[in-house]
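Input: a single structure, listed below in structure tokens.
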Amino acid sequence: MSFNSAVASRHAAPTVGAAGNGVHSMEARNIHKSFGSQQVLTGLNLQFQDDAITTILGPSGTGKSVLIKHLVGLLEPDEGEVLILGQDLWKISEKERYDLRTRMGVLFQDGALFGSLSVYDNTAFPLRKHTDKSEDEIREIVTRRLSEVGLDKAHNKLPNEISGGMRKRAGFARALVMDPAIVFFDEPDSGLDPVRTSLLNDLILDMHAEHQGTYLLVTHDIRTARKVSDYVGLIWKGKVVHYGEAEEAFASGDPFVRQFLSGESAGPLGMD
Ligand SMILES: Nc1ncnc2c1ncn2[C@@H]1O[C@H](COP(=O)(O)OP(=O)(O)O)[C@@H](O)[C@H]1O
Ligand SMILES: [Mg+2]
């Protein structure tokens, strides 16, 4: 028996949703996605825990970023449904999908700032684009957000004039500026040294405590996962093979989960 089928049989149960009955703010149902002949997502199911920080872990190239792109509505699944705030992303109009996207904030790897705009204008951008707030109101919000991420003194800097860590914090401020219900972080710790990673993780926790929301963080750094997660999801070969409370996952005796979360090479997980 291949390892994959062993894992699938042990973990195939529908994913937990402690909210139980009601609608989840974010759910992936049986998502399949291929690029050419390469199957990336192969029936991925996940009901994300509302108002919690879920961390998704998985080897590189397993489809973590592809999953985020589906949840944000940038990629359409070949099969399956993406439900955001109770709406099926691909059964609504383009306009409705666009509106839903304004309820989501995304922090991409490098902050994805506009190079020609100052930190202030980058952060103000979503408000100017999606709301009819006055410049006074915008200034109030942007100043507060930039202060929360420790960038009070960087309003007028261009992205290439600040450090990578500061760019991520600016990206974070921008991701939160619309008070999103759902926030995505795609490997926020990539390219940061351990100290800056730790500071960014503290910031994520502080911002979540302050503003709530359903956070999904993709990382391959186990320390980040340990520090910030309420829930942990493990992706393997295009499926979620484990989803549950972080504390339980990290204490798990399951050899697969243990190997996954310890990052060790010895164990049931093979390279192929
Ligand atoms: N737009 C695309 N076109 C073709 N292949 C893609 C595309 N996006 C992702 N892939 C492939 O899908 C796989 C998963 O990618 P990705 O989600 O970026 O992995 P990761 O888990 O490291 O984030 C990779 O093999 C990648 O090359
Ligand atoms: Mg990725």
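Starting from the Kirkwood radius over alpha-carbon pairs of the chain, derive D by Stokes-Einstein at 4 °C in a medium of 1.567 mPa s and give it in µm² s⁻¹. List each step's numbers first, then the result.
Working: Rh = 19.4 Å.
Value of D from the Cα-based Kirkwood radius: 67 µm²/s.
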Subject >> Radius of gyration and Dmax over the Cα atoms of the range 75-209, both given in Å >> reply: 15.7, 47
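Please report the orientation-averaged projected area of the range 97-158, defined via the convex hull of its C-alpha atoms, in nm². Intermediate results must be reported in sequence, preceding the final value.
Details: hull surface 18.8 nm².
If I average the Cα hull's projected area over directions, I get 4.7 nm².
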Original post:
Given the C-alpha centroids of the range 36-91 and the range 145-219, what is the distance between them in whole angstrom?
Top reply: 22
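Show me the ranking of peptides 86-96, 113-123 by mean Cβ neighbours inside 10 Å, starting with the highest. Mind showing how you got there, number by number?
Details: 86-96: 12.1, 113-123: 18.5.
The packing order, highest mean first, is 113-123, 86-96.
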Original post:
For Thr54, what is the net charge nearby, where nearby means another residue's Cβ is under 13 Å from its Cβ and Lys, Arg count +1, Asp, Glu -1?
Top reply: -4
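Read the figures in this text as sums done on the coordinates, not as results from a lab. Note that the structure is a prediction, hence the values are computed from the model and not measured. So basically every Cβ, Gly included, is an ideal-geometry build from the backbone, and we count neighbours across all protein chains shown.
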